[in-house]
Structures are given as structure tokens and as C-alpha cells.
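Working notes, structure below.
The values are calculated or read from the model by the stated rules, or taken from the named source; none is laboratory data. Every value quoted in this text rests on a predicted model; they were computed, and no experiment measured them. Because the Cβ atoms are built from the backbone with ideal geometry, glycine has one as well, and the counts that use them run over all protein chains shown. Only protein heavy atoms, including side chains, enter the accessible area calculation; ligands, DNA and RNA are left aside. Shrake-Rupley method; radii C 1.70, N 1.55, O 1.52, S 1.80 Å.
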Amino acid sequence: WDVRFDNATAQRTLALAVAETKRLRRYTAVASDFWWLTPQTLDHTVWAGWQHHLPLEHSGCAVFFRRDQSERPTMEAGLRGVQQIACFQVTVYDNAFLLVSNVTISGATLANLTVSLPTKSSSALIEYWPAAPLMCAANWS
């Protein structure tokens with residue numbers, strides 16, 4: 001945030017960023033698992049990604065960055081710690097902190113997720129948690 005460019009749009013973006021930070025705090029707790037989903041590198045031609053997972057809650061989040069020189073618009077995420085026989089509610093947010101997807105998917109799909117970022121220098125935040133049993137039945141019957 002920069003006071004010189006303070007306007008309604010900047011204030012809204014700041015509010016969304018603060019809300020996201022507060023929402024994600026729980027995933028960085030001592031009881032969470034952390035995994036790098038990509039090699040740690042400063043190479044601008046490859047994606048960067050990592051995951052926080054709360055094993056007792058079967059929930060977590062993953063962050064993906066398509067770097068400015070990456071030619072690949074997709075990345076196989078391979079989320080870890082996900083129960084493949086369960087159903088999950090999954091939300092996806094873009095680099096403007098906006099919700100772009102809210103779906104219920106199987107654990108197997110989540111564990112083998114492919115992330116798509118068509119634009120270079122973009123990011124995605126994925127949050128997941130167990131779906132209500134009725135949501136699973138409605139989507140997988």
C-alpha cells in the first residue's frame with residue numbers, strides 16, 4: 001500500500017490482502033506440514049509453489065507462482081497429505097485476491113491437481129477442506 005496512490009481500488013485490494021492473510025494464518029501453525037512443490041530456485045523460467053497442510057483437519061492451502069519467463073501455462077501440483085477417498089471443497093484465488101473458483105472435488109483429483117495460469121507473472125492460491133457429506137453425494141452420485 002502506498003499513501004501516494006490511495007484510492008478506493010487500492011483500499012479494496014488492501015482489504016482483500018489483509019483478509020487473505022488473516023484467513024491463511026492458521027495454516028502456518030506449528031501443527032501444520034509444509035512442502036515445497038517445486039525445486040527452490042531463482043530461475044525465472046520455472047514455477048514456484050508450496051503447500052501448508054493441517055493433517056488433523058485434512059485441510060490446507062497451496063500457493064503457485066508462474067514466473068515472468070516461464071513458457072509453461074500449467075503445472076502438475078501433486079498436493080500432499082490429501083485423503084484420496086474423501087471429497088474436498090476447493091477455492092481458488094487469483095493474484096488480485098479475487099475468488100475465481102469454488103468447487104467440490106474428490107481427494108484423488110486434488111492430489112493430482114493441475115494448476116493453470118495462462119498469464120506470465122501470475123499466481124494462484126488454492127485452499128481446501130473436507131466437504132460436507134451431502135456435497136460429496138450431490139457431486140459424485
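Side notes on the structure shown:
- Our coupling estimate for the stretch 127-132, obtained by passing each phi through the Karplus curve with A = 6.51, B = -1.76, C = 1.60 and θ = phi - 60°, is 10, 9, 7, x, 7, 4 Hz, Gly and Pro reported as x.
- Viscosity 0.890 mPa s, 25 °C: Kirkwood-radius Stokes-Einstein D of the chain over Cα pairs, µm²/s: 152
- Loop-located chymotrypsin sites (Phe, Trp or Tyr not before Pro) in the stretch 1-72 (DSSP state not H, G, I, E or B) with no more than 16 neighbouring Cβ atoms inside 10 Å: W1.
- Placing R66, R25 in order of accessible area, with the largest value first and a 1.4 Å probe, yields R25, R66.
- Dipole magnitude for the stretch 34-106: about 80 debye, using +1 per Lys or Arg Cβ and -1 per Asp or Glu Cβ, origin at the Cα centre.
- Interchain or long-range residues, amide H under 5 Å from L37's placed H: G49, W50, Q51
- Shown in residue order for the stretch 75-81 are the 3J(HN,Hα) couplings computed by the Karplus curve 6.51 cos²θ - 1.76 cosθ + 1.60 at θ = phi - 60°: 9, 6, 7, x, 4, 9, x Hz (x for Gly and Pro).
- Among the protein heavy atoms, those of R67 account for about 50 Å² of accessible surface (1.4 Å probe, every chain in place).
- Accessible area per residue in Å² at 1.4 Å probe, computed on the chain: 60
- About the Cα centre, charge dipole magnitude for the chain (Lys/Arg +1, Asp/Glu -1 at Cβ), debye: 160
- Rel. contact order, % - alpha carbon contacts under 8 angstrom, at least six apart, the stretch 49-141: 36
- Sites excluded, GluC sites (Glu not before Pro) in DSSP loops with at most 14 other C-beta within 10 Å, longest stretch of the chain: 72-141
- Between 0 and 90°, nearest 10: helix 8-24 axis offset from the chain longest Cα axis: 40
- Every Cα-Cα pair in the stretch 23-88 was counted, and those over 17 Å apart are 47% of them.
- Each 10 Å bin, from zero up to the one with the longest distance, holds this percent of the alpha carbon pairs of the stretch 67-114: 23, 45, 28, 4.
- Where only DSSP H runs of four or more residues are counted, the chain gives -6000 deg cm²/dmol as its mean residue ellipticity at 222 nm, each run worth -39500 (n - 2.57).
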